[in-house]
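The structure under discussion appears below in the form of structure tokens.
The values are calculated or read from the model by the stated rules, or taken from the named source; none is laboratory data. Keep in mind that this is a model prediction, so the values were computed, not measured. Quick reminder, even Gly has a Cβ in these numbers, built from the backbone with ideal geometry, and neighbours come from all protein chains shown. When the accessible area is computed, the model is the full protein with side chains, heavy atoms only, and any ligands, DNA or RNA have been set aside. Shrake-Rupley method; radii C 1.70, N 1.55, O 1.52, S 1.80 Å.
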There are 4 protein chains.
Amino acid sequence: MSDAETTLQDLRARVQQFNDERDWHQFHTPKNVAASIVIEAAELLEHFQWTDGPAAEQSPQIAEELADVFIYCLVLADALEIDLSQAVRQKLARNNARYPAEEYRGRF
Amino acid sequence: MSDAETTLQDLRARVQQFNDERDWHQFHTPKNVAASIVIEAAELLEHFQWTDGPAAEQSPQIAEELADVFIYCLVLADALEIDLSQAVRQKLARNNARYPAEEYRGRF
Amino acid sequence: MSDAETTLQDLRARVQQFNDERDWHQFHTPKNVAASIVIEAAELLEHFQWTDGPAAEQSPQIAEELADVFIYCLVLADALEIDLSQAVRQKLARNNARYPAEEYRGRF
Amino acid sequence: MSDAETTLQDLRARVQQFNDERDWHQFHTPKNVAASIVIEAAELLEHFQWTDGPAAEQSPQIAEELADVFIYCLVLADALEIDLSQAVRQKLARNNARYPAEEYRGRF
């Protein structure tokens, strides 16, 4: 099972089940989860704190840190009843209008 | 098209296309993207900076900020060739072993 | 009045007065202030998101963002009754023992 | 020596000396230091991730995390030749004009 075969909902259901089994939803206020996303994102950034090199990139821990960020994104989407795929499509459409490809090619 | 019908790969392809059209991959070093994830996550947290209340939660901007975090997660997964769904499953399996449901019910 | 003549307490008193005049201490729970430090730190990082170059460094906004981070550090020190100069000296002493200068010269 | 007797310059000098002895200034690009501030700030927030209670506040580690944030603020001030006390005074003056005390008493 890879990204090609896994829907967002598949992962949301797995994360929900994990938290259901532990009765952890009670801790997942939007504020706590938003703080958790930042905390995990900073742990991910820590791997690139002093370098941008290949050593850091090959670390198997980086996939784990990225998973942590993503898992809390799924928890927040659940807590606030956000459809992530729709949110991403809408954001890309907005960015598409804001940054026309011709005008922004190779620059911001 | 909702989270029930959208695969991770669907979204990865859309984000790739957006960046291809602008030739923006050149800016997406792992360090820059990891920094971007933190920056967007902090903008998300800003909505809960002084409150945890429903006013903040109903803001339509929150879905947009969450999409920003998620989009950069997809960019980093691409840059480092990480399969996100596998990374999430592996992390949940590890957490499952580390936090047995019986022992951790209702507490950390 | 420069850093050479300004004590930590001078700045703490000024920040206290600013918040006293607005009755803002009520919002300054340690959690909210800790979140604020991260949020302001991420705004500071945003100036270096895509570059490390001199253009970003010369921006007059960077001193302002750094001041924001520092102001919230002072607010948290107040809220938790932490003496910042002692905390810094203790941390440097600990790092001194942990990273002997001879052993760690030029590397981590 | 407490915050009442310690100038910003005193602490800047101590931090400079620590990094001089290890030849660590070479790693302190503004981008790396700004990233470090966020990373340490997130470790500080981690103490309040799931609670805002007194248990977290009494932790002796919090003063240490706050010192870490502050130390990197001093390093960045050095790297960019920013006078922190002036930056704080200017920011407070700006906020004073932006948030008149009468109008913003008890609210944002």
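Odds and ends about this structure:
- Measuring against 26 Å, Cα to Cα, the residue pairs C:K31/D:K91; B:K31/D:K91; A:K31/D:K31; A:K31/A:K91; C:K91/D:K31 contain B:K31/D:K91; A:K31/D:K31 as the ones spanning a longer distance.
- Expected 222 nm ellipticity per residue - DSSP helices of 4 or more, -39500 (n - 2.57), all of the protein assembly as shown, to 500: -21500 deg cm²/dmol
- Average projection area in nm² (convex hull over Cα atoms of chain A, one quarter of hull surface): 9.4
- At a probe radius of 1.4 angstrom, the accessible area of chain B per residue rounds to 43 square angstrom.
- Considering only chain D, the C-beta nearest to the rotation axis that sends D to A is found at D:A42, 2, the distance in whole Å.
- Across the identical copies, how the D:S59 labels are spaced - nm, sorted shortest first, 7 Å along Cα→Cβ: 2.0, 2.6, 3.1
- J(HN,Hα) series, region C:101-108, from Karplus relation 6.51 cos²θ - 1.76 cosθ + 1.60, nearest Hz, glycine and proline x: 4, 4, 6, 9, 5, x, 7, 9
- Cα-centred dipole magnitude for chain A, charges only on beta-carbon of K, R (+1) and D, E (-1), debye, nearest 20: 620
- Accessible surface buried at the B:A interface totals approximately 6500 Å², computed with a 1.4 Å probe on protein heavy atoms.
- For B:R107, label point 7 Å along C-beta direction: distances to other copies, nm: 4.2, 4.5, 6.0
- Span-rule helices in chain B, defined as complete DSSP H runs reaching 18 Å or more along the axis (Cα) with Kyte mean at least -0.5: B:30-46, B:61-79
- Based on the Stokes-Einstein relation at 25 °C and a viscosity of 0.890 mPa s, and on the Kirkwood radius from alpha carbon pairs, the protein assembly as shown is assigned a translational diffusion coefficient of 108 µm²/s.
- Shortest-first distances to equivalent copies, position A:A93, nm, label 7 Å out along Cβ: 3.8, 4.8, 6.1
- Residues with amide H under 5 Å from that of D:A4, placed H, sequence gap 5 or more: C:Q9
- Sites excluded, trypsin sites (Lys or Arg not before Pro) in DSSP loops with at most 14 other C-beta within 10 Å, longest stretch of chain B: B:1-104
- Accessible surface of chain D, 1.4 Å probe: 44 percent of it comes from carbon and sulfur atoms.
- Solvent exposure ordering (accessible area, 1.4 Å, most first) of C:T7, B:T6, A:T51: A:T51, C:T7, B:T6
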